Structures are given as structure tokens and as C-alpha cells.
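**Q** Here's a structure for you.
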Amino acid sequence: MSREEVDRALARLGAERDAVEAALLALQDHPGRRLLDGAELSGRTRERWAVAEQGFALLWALFDRYSEALASARAVRSRRSRPGSAELAELSELLSGAAVTVSGGQLPEAAGQLGGPMRLVERVSLAELMERMNGWYAVVLEVVNAADAVWSALPARIDLLLAELGRVQMLAVSVGVRPGGHPLADDLAGLARELGGLRGEVLADPLALWRPSRVPAQRGTVAGEAAWAAPTGMVDTARYDRAGRALDDVRVELESLLRLRDESHERLQQVADLLQRADATLAEARRARGEVLAKIASAEVPAVPGPASALRERIGLAVEYQQTGQWHRLGPLLDALEDAAAKELGRARHSLTEVAQPLAVRAELRGRLEAYKAMAARLGLSEDPVVVERFEKARWLLWSAPCDLRAAADAVGRFQRALRPADGNQDSQGG
């Protein structure tokens with residue numbers, strides 16, 4: 001190497017040495033490394049930190065050897081401002097040759113592992129030493145960053161979700177939902193166990209919840225240009241997210257029970273009102289049926305159904321649920337009662353319509369007769385004997401009891417035809 005090449009190499013290696021020192025100091029103060037150093041770890045995190053922790057100690061040892069070798073080269077260069085061939089040869093060996101001696105166990109092979117079989121002494125170049133440090137730094141940094149990412153993302157969120165779980169459990173108790181008596185309470189107890197277990201796993205084995213975006217760095221392998229870059233990946237929040245969604249579902253159901261508690265009295269009163277209206281309608285249908293049987297001849301009148309006694313028994317059960325705070329049982333029962341009461345009122349109205357049909361027909365015929373009588377007056381036929389006779393006949397049939405609806409309808413039709421001059425002459429001759 002020439003003098004200029006030596007000076008450039010010393011400047012470059014000095015800058016690299018300063019960058020490595022800054023990175024190692026930052027890694028030493030990394031919050032993730034400090035937490036890992038004092039945590040009770042388990043599983044994958046314990047396995048990987050056992051390697052990374054030794055790798056971190058190894059990094060400082062290798063850095064010291066690198067610094068010593070660089071200091072030796074600088075000392076040689078400082079002997080003379082214009083070094084001779086002997087100094088240049090020595091500097092070339094120090095800067096680019098295998099001039100750094102490290103003990104076995106400090107510098108495993110690229111594919112080797114800490115604790116594996118090592119040579120007692122090994123000589124490497126500064127470039128090779130930097131390459132090994134890069135590899136170990138990537139291993140340590142990946143473990144530290146991943147653990148810190150998980151610890152930063154999940155424990156606080158789990159604690160917030162546990163606090164929300166506590167509030168939902170208090171809401172459950174307020175509406176009578178207790179473990180062993182309602183599935184929602186059992187769901188809440190299961191969520192408490194799940195979140196507690198997840199929090200313990202996050203604290204003891206954070207790497208179990210880390211999903212790297214690339215294959216983790218192998219122990220002792222070279223990291224290349226990305227040696228000092230932070231590894232990328234994401235925290236696996238699937239279990240936390242599922243627990244949050246499950247808690248939201250339970251809270252929605254409990255809030256519906258709370259609304260039911262506040263609305264149950266009014267809704268039960270509405271069911272009772274519907275049944276009262278149905279009873280009144282059925283009573284009217286029975287009265288109408290008696291009137292039809294008394295006033296309409298040859299009428300086929302359907303029977304009127306009795307009150308819904310079974311429905312009233314279920315209302316009594318609903319009241320019991322309300323008084324004892326069994327809202328989870330009252331909810332579906334009250335929905336069914338509202339539907340059944342509405343159908344009962346519809347059944348009563350249909351019965352009244354069927355039963356009162358003959359009376360409605362008689363009323364319609366009476367209305368038509370009065371309308372035709374008014375028409376006869378406008379036409380000046382009020383004194384016509386045929387018109388008078390047919391009106392009286394129809395009126396007698398419609399206001400007699402029992403009323404023959406068929407004969408009455410025929411009589412109203414004959415009276416209507418009497419109001420038509422052409423047809424009226426034919427009817428008078430035929431009548």
C-alpha cells in the first residue's frame with residue numbers, strides 16, 4: 001500500500017470504528033435490551049435471547065480487539081511523516097492482512113454457534129472482524145427490537161381491555177348475569193382467563209407474538225449493507241383482536257338486556273293492553289253472533305273462539321322473570337308474547353268480521369233501500385203504487401226478525417228495477 005492508500009484506509013477504518021461504537025452504545029441503552037436483561041423469559045424468547053445476550057458481550061470484546069488493532073496501525077503510521085518501505089509493508093499487513101489475533105470462543109465461524117467447537121486462537125483481518133461484528137449486531141438487534149415492539153404494543157392495550165372487561169362484568173352483575181347462570185357470564189370469565197394468559201405470555205415470551213417480514217438473522221452470519229438497520233416485522237395481535245371483538249359482542253348483548261330492564265314494564269303493559277282489546281273484540285263477536293242468530297234467518301254463523309288462557313299463563317311467567325331480574329330469560333319470552341298478543345288481536349278481529357257478516361249485509365241492504373227511496377222521490381215516483389208496494393215489501397223483510405237476507409236482497413232489487421220506466425212497466429205487468 002502507498003502512503004496515500006494507508007492514510008485513506010486509516011481514515012475509513014476510523015470512521016467505521018466510531019460508527020460501530022455509537023451503534024453499540026445505542027444498543028446498550030436500548031429499552032428492549034434493558035427489559036430483556038432483567039425479565040424472566042420463557043419459550044422462544046428465552047432461547048433467542050440466550051444467544052443474543054452472549055452475542056452482545058462478544059460484540060464488545062470484538063470491538064475492543066478492532067480498536068486495539070486500529071490503534072496499533074495508527075502508532076506505526078505516526079513514527080514518520082513519510083513512512084519508508086518497511087513501515088508501509090507493516091501497515092499493509094496491519095490494515096489488510098490477517099493481523100488481528102482473537103481467542104477461540106470469541107469468533108465462531110459464520111455458520112457456527114456460540115458454545116460450539118472453536119479453535120484456541122485465530123487470526124483475521126480488520127475487514128473480516130467488521131463483517132463478523134455486523135452479523136452479530138444484526139442478531140442482537142433483531143431480538144431486542146422485536147421484543148421491544150411487542151412490549152410497546154400489547155401489555156398496555158391488554159391492560160386497557162382488562163379494565164373494560166371489569167366494567168362489562170359490573171354491567172353484567174347489574175342485570176343479573178352471573179357465572180353458572182348465564183352464558184354471557186361464562187363468556188366474560190373465559191375472556192378474563194384468555195387476556196390474563198395472553199398478558200403473561202407477552203411479558204415472558206414476546207417473540208412468540210412477533211412476525212418478522214423476513215427470515216430472522218442466523219447466529220454469526222453476515223448481514224451485509226443492512227447490518228446496522230433495524231429488522232422489520234409486525235406484532236401478532238390476532239388473539240388480542242379476537243378478545244376485543246368478543247368483549248364488544250358481550251357488551252352489546254348486555255346493553256340490550258339493560259334496555260330490556262328499563263322497558264320491560266311498559267312492554268308487558270302493552271302486551272296486556274293488546275290482550276284486553278282482543279278480549280273486548282271477542283266479547284263483541286259473541287254479542288254479534290247472538291244477534292245474528294236471533295235476527296238473521298238461516299245464517300251459518302261460525303263459533304267464536306275463547307280467550308287465550310295459555311298466553312296469560314306465559315304473561316305470568318314473564319312477570320315472575322321481571323320481578324326476579326331474570327332478564328336473559330325475559331327477553332325472548334317478551335318478544336314471543338308481543339308477537340302472540342298481536343296475532344291474538346288479529347284473530348279476534350277476524351272472528352268478529354266473520355260473525356258480523358250477515359248483519360253487515362243487512363245494513364248494506366237497508367242503506368241501498370233508503371238510497372233508492374230518495375231516488376224515487378227525485379223521479380216523482382213516490383206515489384206510484386208499484387213503487388210503494390215494492391218499497392214496503394223490502395222494508396218489511398229488512399226490518400223483520402228473523403230477516404231472510406236472500407228474500408230481502410231480491411226485494412231490494414225489485415224495488416230498484418221499479419224506478420226504471422221501461423223495466424217498471426214490464427215488472428208491473430208481470431207482477
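Any read-out appearing in this document is the output of simple, stated calculations on the displayed coordinates, not a laboratory observation. Keep in mind the model is a prediction, meaning the values are calculated, not measured. Here Cβ is always computed from backbone atoms with ideal geometry, including for glycine, and neighbour counts include all displayed protein chains.
**Q** Work out from phi, with θ = phi - 60° and the Karplus expression 6.51 cos²θ - 1.76 cosθ + 1.60, the ³J(HN,Hα) of each residue of the range 170-175, listed in order in whole Hz, and give x for Gly and Pro.
**A** 5, 4, 4, 4, 5, 10
**Q** Report the extension gain between Leu293 and Arg378 in nm, rounded to one decimal, defined as 0.36 nm multiplied by the number of residues separating them, less their alpha carbon distance. Kindly include the intermediate steps, with their values, before the conclusion.
**A** Working: separation 85, 0.36 × 85 = 30.60 nm, distance 3.74 nm.
Going from the current span to full extension adds 26.9 nm.
**Q** Suppose R0 equals 30 Å. What FRET efficiency, 1/(1 + (r/R0)^6) with r the Cβ-Cβ distance, do Arg44 and Glu128 give to the nearest 0.05? Walk me through the intermediate numbers first.
**A** Working: r = 31 Å, r/R0 = 1.03.
Plugging the Cβ-Cβ distance into 1/(1 + (r/R0)^6) gives 0.45.
**Q** Mind giving me the FRET efficiency for Asp236 and Asp339? R0 is 51 Å, r the Cβ-Cβ distance, nearest 0.05 is fine.
**A** According to the calculation, E is roughly 0.65.
**Q** On the Cα set of the range 358-430, report Rg and Dmax in Å, please.
**A** Looking at the range 358-430, its Cα Rg and Dmax stand at 11.9, 34 Å.
**Q** Would you grab the residues whose amide H sits under 5 Å from the one on Trp210? Only those 5+ places off in sequence or on another chain, please, with H modelled 1.01 Å from N.
**A** Here the answer is Asp236, since their amide H atoms fall under 5 Å of that of Trp210.
**Q** Quick one: putting +1 on the C-beta of Lys and Arg, -1 on the C-beta of Asp and Glu, what dipole do you get for the range 120-182 around its Cα centre, in Debye to the nearest 20? Numbers along the way, then the final one.
**A** Details: 5 positive and 7 negative charges, 87 e Å.
Using only the charged Cβ atoms, the result is roughly 420 debye.
**Q** Can you spot the lysines whose alpha carbon is less than 19 Å from Lys343's alpha carbon? Ignore those fewer than 8 places along the same chain.
**A** Of all the lysines, none pass the test against Lys343 - Cα under 19 Å, at least 8 places apart if same chain.
**Q** Provide the per-residue ³J(HN,Hα) series for the range 269-279, in order, calculated from phi with Karplus coefficients 6.51, -1.76, 1.60 and θ = phi - 60°, each as a whole number of Hz, with x at glycine and proline positions.
**A** Whole-Hz 3J(HN,Hα) from phi for the range 269-279: 5, 5, 5, 4, 5, 4, 5, 5, 5, 5, 4.
**Q** Scan around Gly233 for amide H atoms under 5 Å from its own, H built in the peptide plane at 1.01 Å from N, and keep only partners 5 or more places away or cross-chain.
**A** Ser213
**Q** Where is the GNM fluctuation largest for the chain (alpha-carbon springs, 10 angstrom cutoff): Ala75, Ala377, Ala280?
**A** Among Ala75, Ala377, Ala280, the largest mean-square fluctuation in the Gaussian network model of the chain belongs to Ala377.
**Q** Cα atoms only: what Rg and Dmax, in Å, come out for the chain?
**A** When restricted to the Cα atoms of the chain, Rg and Dmax are 50.0, 159 Å.
**Q** For the range 266-286 and the range 316-360, compute the distance between their C-alpha centroids and round to whole Å.
**A** 8 Å
**Q** Hey, got the dipole for the chain? About the Cα centre, +1 on K and R Cβ, -1 on D and E Cβ, debye to the nearest 20? All intermediate terms of the calculation are to be shown ahead of the outcome.
**A** Values: 56 positive and 61 negative charges, 215 e Å.
The dipole magnitude comes to about 1040 debye.
**Q** Moving on. Using helices alone, what [θ] at 222 nm do you get for the chain, with -39,500 (n - 2.57) per DSSP H run of 4 or more residues, divided over all residues and rounded to the nearest 500? Could the numbers behind the result be given before it?
**A** Values: 14 runs with 315 residues, N = 431.
The helix-only estimate for the chain comes to -25500 deg cm²/dmol at 222 nm.
**Q** I need the calculated FRET efficiency for the pair Leu317 and Ala204, taking r as the beta carbon distance and R₀ as 45 Å, to the nearest 0.05.
**A** Details: r = 51 Å, r/R0 = 1.13.
Efficiency, from the Cβ-Cβ distance: 0.30.
**Q** Additional query: Tell me which residues come under 5 Å, amide H to amide H, from Ile296 once H is placed; ignore anything under 5 positions away on its chain.
**A** For Ile296, the qualifying residues are Cys403.
**Q** A further question on this structure: Mind telling me which of Leu161, Leu59, Leu405 comes out most flexible in a GNM of the chain, alpha-carbon contacts under 10 Å?
**A** Judging by the Gaussian network model, the answer is Leu405.
**Q** Over the range 358-430, calculate the relative contact order: mean separation of alpha carbon pairs under 8 Å at least 6 apart, over the residue count, as a percent.
**A** Values: 58 pairs, mean separation 24.3, N = 73.
Computed over the range 358-430, the figure is 33 percent.
**Q** Which residues does a label at Ala246 reach in the range 192-209, if reach means a backbone N under 19 Å from a point 7 Å past the Cα toward the Cβ?
**A** 192-203, 209
**Q** Of the options Ala89, Trp396, Val100, report the single residue whose Cα projects farthest towards the positive end of the charge dipole of the chain (beta-carbon charges: Lys, Arg +1; Asp, Glu -1).
**A** Going by the Cα projections, it comes out as Trp396.
**Q** Still on this structure, please answer the following. Enumerate the calculated ³J(HN,Hα) couplings along the range 314-319 in order (Karplus 6.51 cos²θ - 1.76 cosθ + 1.60, θ = phi - 60°), each rounded to whole Hz, writing x wherever the residue is Gly or Pro.
**A** 5, 5, x, 5, 5, 4
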